[in-house]
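A quick write-up on the structure given underneath.
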Amino acid sequence: SQTIHQWPATLVQPVGSPLSLECTVEGTSNPNLYWYRQAAGRGLQLLFYSVGIGQISSEVPQNLSASRPQDRQFILSSKKLLLSDSGFYLCAWSVRTSGFTDTQYFGPGTRLTVL
Amino acid sequence: EDQVTQSPEALRLQEGESSSLNCSYTVSGLRGLFWYRQDPGKGPEFLFTLYSAGEEKEKERLKATLTKKESFLHITAPKPEDSATYLCAVPFQGAQKLVFGQGTRLTINP
């Protein structure tokens, strides 16, 4: 069966500090990978998605970046955090197929607080 | 612009009191509609996918239905453990990206 991991689970960082969040998927190959952010009391906002190693699409202009160094690894980074970067960050995966949209499965999330 | 709207924003029911949650969408050429359940502090948990108008799916006390413009999540005789935020999502700008509604926060009182 497939499993998705995210770490850390919780993170408190000062404004201006760097960020690195990691997501890994087990039990599947060549997945599509996604990063979402969920602000308090709001819906999920798609930040980045990737259909393969080194292939990243950015959905929202911001000071965040994403990388996919390995097939099942997805990293979210920032060089300098802003207060507005606080939120709940979710990684998701889906099977890479054509045609109908495939179900996305979410990880446990990382709660980021920027002070 | 493709949009997904969920109503109500919050719903409080007594245990055993059945009700429905609504998800309306404006995306053209629907390529699937997804329902998720999210508990506080956790990632969304997949419930259902619906692909065509008239389709229905059930899981325990939940039943999801789909029309050309909206989807309903019916909850029958709910229990306190059904308390959660329920999210719906539809694909946009191609098949691989989802846009989510704001969710309905459901509370079931014992």
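Taking a probe of 1.4 Å and counting only protein heavy atoms, give the total accessible area buried between chains B and A in Å², rounded to the nearest 100. Counting both chains, the buried surface is close to 1800 Å². Panel note: contact residues of segment B:61-110 (accessible area lowered by at least 20 Å² against the chain on its own; 1.4 Å probe) correspond to B:95, B:96, B:97, B:98, B:100, B:102.
So what is the relative contact order for chain A, in percent, with contacts set as C-alpha pairs under 8 Å and at least six apart? Could the numbers behind the result be given before it?
On the way: 283 pairs, mean separation 40.6, N = 115.
Relative contact order for chain A comes out at 35 percent.
With θ taken as phi - 60° and the Karplus curve 6.51 cos²θ - 1.76 cosθ + 1.60 applied, the whole-hertz 3J(HN,Hα) list for segment A:8-24 is x, 7, 9, 8, 10, 10, x, 4, x, 7, x, 9, 8, 10, 10, 9, 10 Hz, x standing for glycine and proline.
How do the peptides A:25-34, B:61-70 rank, highest first, by the average count of neighbouring beta carbon atoms within 10 Å per residue?
Working: A:25-34: 18.0, B:61-70: 16.1.
My ranking of the peptides, most packed first, is A:25-34, B:61-70.
Near residue A:22, once Lys and Arg are set to +1 and Asp and Glu to -1 for all other residues with Cβ below 13 Å from its Cβ, the sum equals +2.
If contacts are Cα pairs under 8 angstrom and at least 6 residues apart, what is the relative contact order of chain B in percent? Don't skip to the answer; put the middle values down first.
Details: 273 pairs, mean separation 40.1, N = 110.
RCO, chain B: 36 percent.
For the protein assembly as shown, the number of Lys pairs with C-alpha atoms closer than 19 Å, counting only pairs eight or more positions apart or on separate chains, is 4. If one computes the Cα centroid of segment B:15-44 and of segment A:9-57, what distance in Å separates the two points? Segment B:15-44 and segment A:9-57 have Cα centres separated by 22 Å.
Distant-in-sequence amide contacts of residue B:48, defined by a placed amide H-H separation under 5 Å and a gap of 5 or more residues or a different chain, comprise B:35. Note that segment A:70-86 has calculated 3J(HN,Hα) couplings of 9, 4, 10, 10, 9, 10, 10, 9, 8, 7, 8, 6, 10, 4, 6, 7, 4 Hz, one per residue in order, obtained from phi through the Karplus relation 6.51 cos²θ - 1.76 cosθ + 1.60 (θ = phi - 60°); glycine and proline are x.
The values are calculated or read from the model by the stated rules, or taken from the named source; none is laboratory data. Keep in mind it's a predicted model, so treat the numbers as computed, not measured. Here the Cβ is made from the backbone with ideal geometry for all residues, glycine too, and neighbour counts use every protein chain on show. All accessible areas refer to the heavy atoms of the entire protein, side chains included, with ligands and DNA or RNA removed. Shrake-Rupley method; radii C 1.70, N 1.55, O 1.52, S 1.80 Å.
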